[in-house]
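Participant: Structure below; questions to follow.
FYI, it's all coordinate maths here, none of it is from the lab. Source: prediction; values computed, not measured. All Cβ positions, even for glycine, are placed from backbone atoms using ideal geometry, and neighbour counts span all protein chains on display.
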Amino acid sequence: MAAPLSARHVERRQSWIHQERQDCLSPGEAQTWASGGADSDSLAVMKHASDHATMLRLILGAVGVASISTAACAGCGSVVIDGVSSGSGTAGSGAVGGGGATSGAGTAGSNAGSGGASGNSGVTVGGGAGAGGGTGCPAPVSSVPVDMPQNGPCSVGYEAEYICFSLPKPPATCEDLYPKACVLDAYSCGYQTYGDEACGPDLANPDACCYTVVGDCPIGRPFLVHGRARLGTVVSGDSGADRSWADRMEPDVSALDRETRRALADFWGQEALFEHASVASFARFVLHLLAVGAPADLVQRAQLALGEEIEHATLGFGLASAYAGAALRPSALDVSGGLDEGFEAAGIAVAVAREGCIAETVAALQIAAARDAATDPVIKSALARVAEQEMEHALLSWRYLRWALEHGEVSLQAAVTAVFTAPEAHVGIGATTALPGDREAMRGHGCLPPDERRALAADTLARVVLPAARALLAAVGSRAREAGSAMPWAEVNAMPGAAA
Ligand SMILES: [Fe+2]
Ligand SMILES: [Fe+2]
């Protein structure tokens, strides 16, 4: 059972109801949400909120774009912005394309630097620290997306690429010239620049050194430093070591075979590292908000989100420890260089659009889907709590983006718009594991299969992220026009699914 909501949570929910959710929930649902409710009620409300249509409405409420029709919310028709007096003849003319944005599953994706993987206790999930690094590695001659292999170590990931290097002169071999770290370093998917697994060289192709490389994608809120997601590693918590990073969690492991437990330990360890990195991301976001003079309520919500990411991390390490049968915790996180990119308003807005509005919106709905699929009550309850909080984090990003667009220069608006013209570069499916495990058992314990998460990510882009972005940009553009300022409509019209 989920822990009772604290007074702080109840108070915050009540304020959110008034500010953002009035249009989104029925009076009964709103009352349940505001009061914290019983677990079952809470889950019912969250199930409602996990729906794409409701998430879109929550975002539009958060950015103050009035309301839209239910059909439009569901992404099955054009999105009509009720409350926006928009310009004529462009994407801001009141009708913004709804469904049909972006491509199907398998193309919307990219990645978060979880380079490396595995193990059980002592699982090592590599990240920004040291993996490849790109120094001294030869450049590939070609790299094309391919279907994910059906089995083997490269069968699990978000995207597979077939990467080829020049054939070396004998007696040198592919292995001599292209160590695995270099092959992994050649992988690129959105803002991840390091793969998770490489298979090859492909003996069927004697004219080059070719490898299938698979990678994971950014999910939640990554901590990016110089374009690369920075993660810690999972380390064993020996007796007497600090166990504060692992909550005491007791999922029912009695029916799980040894391999499935190992796979779940690996999966939850990676999830926990993502959450751990999100703490750093929000810590930096608080500084960003202060640097650009953002309103106090945004700073306060960022601070709350930071604390919730710590909760998510301790929950994740607690689950990883439970499946591993050994205490696990994060290593120290390398945060050096984390502020190198400065405090320029446009750069901050672009980062929020990528990491918060796109990646974290997708993450919130993926976690909600994992909650719905979970059969273990401990997992279900934990994911319900995390999904609710991740949704709030995503909404915070959308609210900030509205503020930044309204207060920023046209160049900021153009930079943000450009992010949404290729949103698939900033979406992921989260942690994956190459370890074998029973698919249904893992599903019941919070690990949705990659294909389901991949499809959900594409769907969320098409039905939630892009309609919300177009509505927001239209609303801001309309006000900018009234104020005599330009708006980069050409870029807005270039967004996937935009009205012709
Ligand atoms: Fe989180
Ligand atoms: Fe989050």
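Participant: Under the rule of at least 5 residues apart or a separate chain, name every residue whose amide H is placed under 5 Å from the amide H of GLU197.
Facilitator: It is VAL214, by chain and number.
Participant: Which far-off residues, 5 or more places away or on another chain, put their amide H under 5 Å from the one on VAL225, with H placed in the peptide plane?
Facilitator: ARG230
Participant: Please rank ASP252, ASP207, fewest neighbouring Cβ atoms within 10 Å first, as an exposure proxy.
Facilitator: Numbers: ASP252 14, ASP207 8.
Starting with the residue having the fewest Cβ neighbours, the order is ASP207, ASP252.
Participant: A further question on this structure: With the contact rule set at Cα under 8 Å and sequence spacing of 6 or more, what percent relative contact order holds for the stretch 223-293?
Facilitator: Values: 23 pairs, mean separation 35.9, N = 71.
The value is 51 percent.
Participant: May I pose another question? Work out the charge dipole of the stretch 340-480 with +1 on the Cβ of Lys and Arg and -1 on the Cβ of Asp and Glu about the Cα centre, then indicate which of GLY446, ILE348, THR432 is farthest towards its positive end.
Facilitator: Farthest along the dipole direction, towards plus: GLY446.
Participant: Here's a follow-up. Treating only the Cβ atoms of Lys and Arg (+1) and Asp and Glu (-1) as charged, compute the dipole magnitude of the stretch 268-320 about its Cα centre; round to the nearest 20 debye.
Facilitator: Values: 2 positive and 6 negative charges, 40 e Å.
I would put it at about 200 debye.
Participant: Please report, in debye to the nearest 20, how large the charge dipole of the stretch 310-429 is about its Cα centre when each Lys and Arg carries +1 at its beta carbon and each Asp and Glu carries -1 there.
Facilitator: Details: 7 positive and 15 negative charges, 78 e Å.
Rounded to the nearest 20 debye, it is 380 debye.
Participant: Which of the peptides 336-342, 275-281, 164-170 is most tightly packed, and how do the rest follow, going by the mean number of other Cβ atoms within 10 Å of each residue? Intermediate results must be reported in sequence, preceding the final value.
Facilitator: Values: 336-342: 12.0, 275-281: 25.1, 164-170: 14.9.
Going by the mean number of other Cβ atoms within 10 Å, highest first, we get 275-281, 164-170, 336-342.
Participant: Among the GluC sites (Glu not before Pro) within the stretch 361-437, which fall in a DSSP loop and have no more than 13 other Cβ atoms within 10 Å of their own Cβ? Don't jump to the answer; show the numbers that get you there.
Facilitator: Details: sites: GLU388, GLU390, GLU392, GLU406, GLU409, GLU424; in loops: GLU409.
Loop-located and lightly packed - GLU409.
Participant: Same structure again: How high is the relative contact order of the stretch 303-431? Use alpha-carbon pairs under 8 Å, at least six apart in sequence, and give a whole percent.
Facilitator: Numbers: 94 pairs, mean separation 42.2, N = 129.
This gives 33 percent for the stretch 303-431.
Participant: List the chymotrypsin sites (Phe, Trp or Tyr not before Pro) within the stretch 302-364 that fall in a DSSP loop (any state other than H, G, I, E or B) and whose Cβ has at most 16 other Cβ atoms within 10 Å.
Facilitator: Filter output for the stretch 302-364: PHE343.
Participant: Taking only C-alpha pairs under 8 Å that are 6+ residues apart, what is the relative contact order of the stretch 280-353 in percent?
Facilitator: It rounds to 35 percent for the stretch 280-353.
Participant: Taking the highest mean first, how do the peptides 265-273, 446-454, 293-301 order by number of other beta carbon atoms within 10 angstrom per residue? Provide the component values of the computation, followed by the final result.
Facilitator: On the way: 265-273: 29.1, 446-454: 21.0, 293-301: 14.8.
Ranking the peptides 265-273, 446-454, 293-301 by packing returns 265-273, 446-454, 293-301.
Participant: How big is the dipole moment of the stretch 214-306 about its Cα centre under a simple scheme where the beta carbon of each Lys and Arg is +1, that of each Asp and Glu is -1, and everything else is neutral? Debye, nearest 20, please. If you can, show how the numbers build up before the last one.
Facilitator: On the way: 10 positive and 12 negative charges, 84 e Å.
Here the stretch 214-306 has a charge dipole of around 400 debye.
Participant: Related question: Explain nothing, just compute: Karplus ³J(HN,Hα) = 6.51 cos²θ - 1.76 cosθ + 1.60, θ = phi - 60°, for every residue of the stretch 399-405 in order, whole Hz, x for Gly and Pro.
Facilitator: 3J(HN,Hα) across the stretch 399-405, in whole Hz: 5, 5, 4, 4, 4, 5, 5.
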